[in-house]
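The values are calculated or read from the model by the stated rules, or taken from the named source; none is laboratory data. Bear in mind the structure is a predicted one, so any value in this text is a computation, not a measurement. Methodologically, a virtual Cβ is constructed for each residue, glycine included, from the backbone with ideal geometry; neighbour enumeration extends over all protein chains shown.
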Amino acid sequence: MSEMITLPVNNIPEPDRRSLENLLGHSLAADQQVCVMVFSPSKIADDATRRAAVESIRRTLDSIDQHRTAHGIADDEVDAAVDEAIEHVRPRPN
């Protein structure tokens, strides 16, 4: 199970803000936000599994690039599609 909260720095009480700054090792600006995620990590994959995953991702990206090139799809269209997908999966709070 995972949980995530996002807080505007200017809404964090001063003692908590100082604790966060100490933990992060730098000051926080009032116009920033702090995102905290708590999760239970899964089993860590072994090296062979990681290498296979990286290779699979590379093959997928190569295939996408070949399709993009063959169909004359511009970089800005690809970027817009990626941005749209990210927004769909992880919408930003208003």
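Here is a check on your reading of the model: is residue 36 β-branched (Val, Ile, Thr), in contact with a helix residue (DSSP H, G or I) (Cβ under 8 Å, 6 or more places away or on another chain) and at pLDDT below 90?
no
Out of 81, 48, I need the residue that is surrounded by 10 or more Cβ atoms within 10 Å (Cβ to Cβ) and more than 25 Å from residue 5 (Cβ to Cβ). Which one?
Just a single option satisfies the conditions, and that option is 81.
Condition first: aliphatic (A, V, I, L, M) and in a loop (DSSP other than H, G, I, E, B). Can you find one or more residues in the range 1-15 that meet it? Let's see the steps before the verdict.
Step one: filter the range 1-15 for residues aliphatic (A, V, I, L, M), giving 1, 4-5, 7, 9, 12.
Cutting the leftovers down to in a loop (DSSP other than H, G, I, E, B) gives us 1, 12.
There is at least one residue in the range 1-15 that is aliphatic (A, V, I, L, M) and in a loop (DSSP other than H, G, I, E, B).
Taking the options 56, 40, name whichever one is free of Cβ contacts under 8 Å to residues at least 60 places away in the same chain and closer than 29 Å to residue 5 by Cα. Walk me through it before giving the result.
On the way: 56 fails: closer than 29 Å to residue 5 by Cα.
One residue alone meets the criteria, 40.
Could you please find all residues in the range 1-45 being within 23 Å of residue 91 (Cβ to Cβ) and exposed (fewer than 10 other Cβ atoms within 10 Å of the Cβ)?
1, 2, 3, 5, 31, 35, 37, 38, 39
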